[in-house]
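**Student:** This is the structure I want to talk about, given as structure tokens.
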Amino acid sequence: MISISKLSYSFGRQLALKDINFCMKQGEFVFLCGPSGAGKTTFMRLLHGALPVQRGKADVAGYDLNTLPESRKHLLRRDVSVVFQDFKILTKQTVFANVALPLKVRGIGQHIIEKRVRAVLRSLHLDKKAGAPCEELSGGEQQRVAVARAVVVKPKLLLADEPTGNLDHELSMRMMDIFQQFHKFGTSIMIATHNREIMARMADARIVTLEDGVMREGCALGGGQS
Amino acid sequence: MSVFFHLIGQGVRDLFRAPWSLCMTIAAITLVSFLGGAFLMLVHNLDLQIGSRQGNVQFQVYWKSDVTAEELKEVWSGLSSMEGVVNVRTYTPDQALGVLAESFQKNVDLEWMKGRSPLPPTALVECELPQDEGKKWAAGMVKRLEGLPKVDKVTFNPLQVDLLTSWVGLTKMAFWPVTGFLLVVVALVVGNTIKLALLARRDELEILRFVGASRAYIQFPLLVGGAFQGLLGASLALGLLKLLHHGIEDMFNVPPLWITISFLPQVHSLAIVAILAVVGVLSSLVAIRN
């Protein structure tokens with residue numbers, strides 16, 4: 001699913017990622033942990049094609065990021081969904097419109113959109129809020145909208161950047177249950193987090209750590225080794 | 001196909017998200033297009049005039065007041081058969097008075113002078129000038145007309161044709177630079193509006209990109225928006241031009257000009273709309289690419 005070799009990325013003179021080698025198989029569940037500023041978000045943005053590959057090689061979901069032109073990056077993004085730390089939802093639009101958006105841009109018919117969005121909203125306990133504008137939702141609800149939007153397209157790979165950052169313990173655990181459900185259906189999932197509790201809940205998940213731009217297997221936050 | 005129409009609708013709907021910005025852009029495009037259209041109408045009318053008078057010169061022949069109706073009838077009937085004459089219009093003193101009253105428009109009533117008109121019998125003799133030695137020929141024609149019975153005075157403006165030709169030459173020379181200038185202004189206005197729309201919707205467009213929207217899906221509504229602004233601005237400008245034309249249509253339809261101002265031909269009107277729509281699309285494209 002992901003094959004990274006000697007990947008480096010720098011913002012000006014600041015080296016954010018150093019010579020990263022990483023592989024992720026299809027159907028794997030990976031936690032990417034590390035302290036704030038370790039490079040987790042940068043790594044995720046690279047995987048999603050939001051940042052260009054400066055050095056090294058990267059292949060994600062069958063797309064060679066070194067050669068993938070900007071005009072074809074939407075194909076990568078149709079296979080790789082992202083849950084952003086800051087949600088990136090259209091706050092003026094309704095919950096339904098936000099979740100339906102990725103289906104609409106794929107040209108899927110209204111009837112199917114209706115069915116799939118309703119199903120996902122039900123599974124995330126958002127069905128009663130379907131018609132509400134997102135700006136009226138709490139932080140936790142907005143985060144669930146972001147997750148619903150990411151999973152509604154049944155992506156090959158789901159990247160989630162601190163998906164439980166704004167949620168209380170109970171909601172965090174419920175969110176992890178949802179990720180687990182999708183994982184069972186074959187979606188590869190990578191979650192960037194420094195929440196040890198949720199890592200502990202997924203005992204069979206693989207854990208990799210990013211610290212100062214360097215990646216290594218296992219958790220440096222005191223969690224269990226994979 | 002439904003996505004295509006959805007995106008067209010989206011492009012138009014998006015414009016109305018910032019109605020004030022849209023109004024000001026449309027106003028700017030309309031005014032610039034109106035200026036361009038008015039200029040085109042001027043050139044078109046000058047062209048028509050030069051086309052109808054190319055190589056021709058008009059002589060005004062005035063008779064003495066003691067000439068009788070029979071004498072006039074005889075002389076006027078012979079005017080058309082003179083060498084080089086292409087058109088003759090004659091006015092009895094009363095007819096000349098009528099034309100004079102018309103030229104004052106509706107405020108002056110000269111009916112009371114009917115039968116006692118102080119104006120002389122007049123003929124407007126339009127002649128085709130020979131290619132060579134036109135001025136010499138015209139001078140000879142003046143002499144021949146002055147030789148007619150009881151002719152008081154013959155006048156003609158030898159510069160008339162030269163002047164008209166020079167005007168057309170000048171406007172034609174200025175046509176492309178002026179048109180180009182106006183199109184650049186339209187392009188900048190539309191481009192800037194699209195750019196502002198992009199800035200205002202930066203977050204939304206970023207989200208669209210992240211959820212897998214293709215470049216065409218994102219850009220097409222913006223191009224439609226540019227085309228729509230061009231179309232609407234051009235249509236409004238044509239409406240304004242029509243109003244202007246209605247007001248000035250007969251402004252010069254008075255002696256000695258007798259010029260009726262024509263509106264732009266249909267093909268020119270359509271060209272204005274099409275060109276502005278294309279400029280709208282192109283400037284949007286440049287704004288998006290930048």
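**Student:** Per residue of region A:66-74, what does 6.51 cos²θ - 1.76 cosθ + 1.60 with θ = phi - 60° give for ³J(HN,Hα)? Whole Hz please, x for Gly and Pro, Karplus curve as stated.
**Tutor:** 5, 10, 5, x, 4, 5, 10, 5, 5
**Student:** Treating the beta-carbon of each Lys and Arg as +1 and of each Asp and Glu as -1, no other charges, what is the dipole magnitude of the protein assembly as shown about its Cα centre, to the nearest 20 debye?
**Tutor:** Working: 55 positive and 45 negative charges, 505 e Å.
My answer is approximately 2420 debye.
**Student:** Something else: Which is the longest run of chain B containing none of the GluC sites (Glu not before Pro) found in DSSP loop states (not H, G, I, E, B) with at most 16 other C-beta atoms within 10 Å?
**Tutor:** Maximal segment without exposed cleavage sites: B:134-248.
**Student:** Next question. Would you kindly state the longest site-free stretch of chain A, with sites defined as trypsin sites (Lys or Arg not before Pro) in a DSSP loop (not H, G, I, E, B) surrounded by at most 16 other Cβ atoms within 10 Å?
**Tutor:** A:93-226
**Student:** So, one more: Would you give the gap between the C-alpha center of region A:112-132 and the C-alpha center of region B:23-50, rounded to a whole Å?
**Tutor:** Answer, in whole Å: 54.
**Student:** Hey, with R₀ at 35 Å, roughly what FRET efficiency would A:Arg216 and A:Met173 work out to, going by the Cβ-Cβ distance, to 0.05?
**Tutor:** On the way: r = 28 Å, r/R0 = 0.79.
The formula returns an efficiency of 0.80 here.
**Student:** Now a separate question. What's the extension gain from B:Val278 to B:Asn192 if we count 0.36 nm per residue and subtract their Cα-Cα distance?
**Tutor:** On the way: separation 86, 0.36 × 86 = 30.96 nm, distance 1.57 nm.
In short, 29.4 nm is gained.
**Student:** To continue, here is another question. Considering only DSSP beta bridges where both residues belong to region A:96-222, give the percentage that are antiparallel (nearest 5).
**Tutor:** Details: 4 of 9 bridges.
So the antiparallel bridges amount to about 45 percent of the total.
**Student:** While we're here: Once label points are set 7 Å from the Cα along Cα→Cβ at both B:Ser103 and A:Thr67, what is their separation, rounded to one decimal in nm?
**Tutor:** Computed distance between label sites B:Ser103 and A:Thr67 equals 8.3 nm.
**Student:** I've got another one for you. Could you sort B:Leu196, A:Leu171 by their accessible area in this structure, using a 1.4 Å probe and putting the largest first?
**Tutor:** Descending accessible area places them as B:Leu196, A:Leu171.
**Student:** Kindly identify region A:72-177 as rounded, prolate or oblate by the Cα gyration tensor criterion: order the square roots of the eigenvalues as a ≥ b ≥ c, call it rounded if a/c is under 1.5, otherwise compare a/b with b/c, prolate if a/b is larger, else oblate.
**Tutor:** Numbers: a/c = 1.63, a/b = 1.21, b/c = 1.35.
Cα axes put region A:72-177 in the oblate bin.
**Student:** Which FRET efficiency, nearest 0.05, do B:Leu110 and B:His268 yield, Cβ-Cβ r, R0 41 Å?
**Tutor:** Working: r = 40 Å, r/R0 = 0.97.
About 0.55, to the nearest 0.05.
**Student:** On to the next question. Would you please give the residues with an amide H less than 5 Å from that of A:Glu28, counting only those at least 5 places away or on a separate chain, with H modeled from the backbone geometry?
**Tutor:** Those qualifying (amide H under 5 Å, at least 5 residues apart or on another chain) are A:Ile189.
**Student:** Let me ask something else about it. Rounding to the nearest 20 debye, state how big the charge dipole of chain B is about its Cα centre with +1 on each Lys and Arg Cβ and -1 on each Asp and Glu Cβ. The partial results should precede the final answer.
**Tutor:** Values: 23 positive and 23 negative charges, 247 e Å.
That gives chain B a dipole magnitude of about 1180 debye.
**Student:** Keeping every protein chain present and rolling a 1.4 Å probe, give me the accessible area per residue for chain B in Å².
**Tutor:** Roughly 56 Å² per residue, with all protein chains present.
**Student:** For peptide A:101-107, compute the average count of partner chain beta-carbon atoms within 10 Å of each residue's beta-carbon.
**Tutor:** Details: counts 7, 6, 2, 6, 9, 6, 6.
The shielding value for this peptide is 6.
**Student:** Calculated FRET efficiency, B:Met24 and B:Ala216, Cβ-Cβ r, R0 41 Å, to nearest 0.05? Intermediate results must be reported in sequence, preceding the final value.
**Tutor:** Details: r = 29 Å, r/R0 = 0.70.
Efficiency for this residue pair is about 0.90.
**Student:** Follow-up. Under the Kirkwood approximation for Rh and a Cα-based Rg, what ratio Rg/Rh is obtained for the protein assembly as shown?
**Tutor:** Details: Rg = 39.7 Å, Rh = 29.8 Å.
Rounded to two decimals, Rg/Rh equals 1.33.
**Student:** Related question: Helix B:69-79 sits at what angle to the longest principal axis of chain B, using alpha carbons and giving 0 to 90 degrees rounded to 10?
**Tutor:** Its long axis makes an angle of about 60 degrees.
**Student:** Here's something else I'd like to know. Is region A:163-218 rounded, prolate or oblate when judged by the Cα gyration tensor, a ≥ b ≥ c being the square roots of its eigenvalues, rounded requiring a/c under 1.5 and prolate requiring a/b larger than b/c? Please list the in-between numbers first.
**Tutor:** Values: a/c = 2.09, a/b = 1.32, b/c = 1.59.
Verdict is oblate for region A:163-218.
**Student:** What angle do you read, to the nearest 10 degrees and between 0 and 90, between the alpha-carbon axis of helix A:110-123 and the longest principal axis of chain A?
**Tutor:** 70
**Student:** Using +1 at the C-beta of Lys and Arg and -1 at the C-beta of Asp and Glu, which of B:Met173, A:Pro155, B:Ala139 has the Cα lying farthest in the positive direction of the dipole of the protein assembly as shown?
**Tutor:** The residue sitting farthest along the positive end of the dipole is A:Pro155.
**Student:** Got a sec to turn the phi values of region A:202-211 into Karplus ³J(HN,Hα) couplings, 6.51 cos²θ - 1.76 cosθ + 1.60 with θ = phi - 60°, whole Hz, x for Gly and Pro?
**Tutor:** 9, 4, 8, 7, 7, 10, 10, 10, 10, 9
**Student:** Name the residues of region B:195-217 whose accessible area, probed at 1.4 Å, falls by at least 50 Å² once all protein chains are in place instead of their chain on its own?
**Tutor:** B:Ile207, B:Phe210, B:Val211, B:Gly212, B:Arg215, B:Tyr217
**Student:** Helix A:95-105 versus the longest principal axis of chain A: what angle, 0 to 90°, nearest 10, using Cα atoms?
**Tutor:** 60
**Student:** Something else: Compute the Cα gyration tensor for region A:68-123, then decide on rounded, prolate or oblate, letting a ≥ b ≥ c be the square roots of its eigenvalues: rounded whenever a/c is under 1.5, prolate when a/b is larger than b/c in the other cases, and oblate in all that remain. Provide the component values of the computation, followed by the final result.
**Tutor:** Working: a/c = 2.03, a/b = 1.36, b/c = 1.50.
Judged from the Cα gyration tensor, region A:68-123 comes out oblate (a/c at least 1.5, b/c at or above a/b).
**Student:** Could you please state how large a percent of the accessible area of region A:93-226 is carbon and sulfur, counting protein chains only and using a 1.4 Å probe? Mind showing how you got there, number by number?
**Tutor:** Numbers: 2870 of 5920 Å².
So the carbon and sulfur contribution to the accessible surface is 48 percent.
**Student:** Can you pull out the buried accessible area for chains B and A, both sides counted, probe 1.4 Å, rounded to the nearest 100 Å²? Walk me through the intermediate numbers first.
**Tutor:** Details: alone 17080 and 10880 Å², together 26540 Å².
So the total buried area for this chain pair works out to about 1400 Å².
**Student:** Just how far, in whole angstrom, is region B:203-234 from region A:15-75 if you go by their alpha carbon centroids?
**Tutor:** 28
The values are calculated or read from the model by the stated rules, or taken from the named source; none is laboratory data. Because the structure is predicted, anything quoted here is derived from the model rather than measured. A quick note on method: Cβ atoms are made from the backbone with ideal geometry, for glycine too, and the neighbour counts reach across all protein chains shown. The area values use the complete protein model at the heavy-atom level, side chains included, leaving out ligands, DNA and RNA. Shrake-Rupley method; radii C 1.70, N 1.55, O 1.52, S 1.80 Å.
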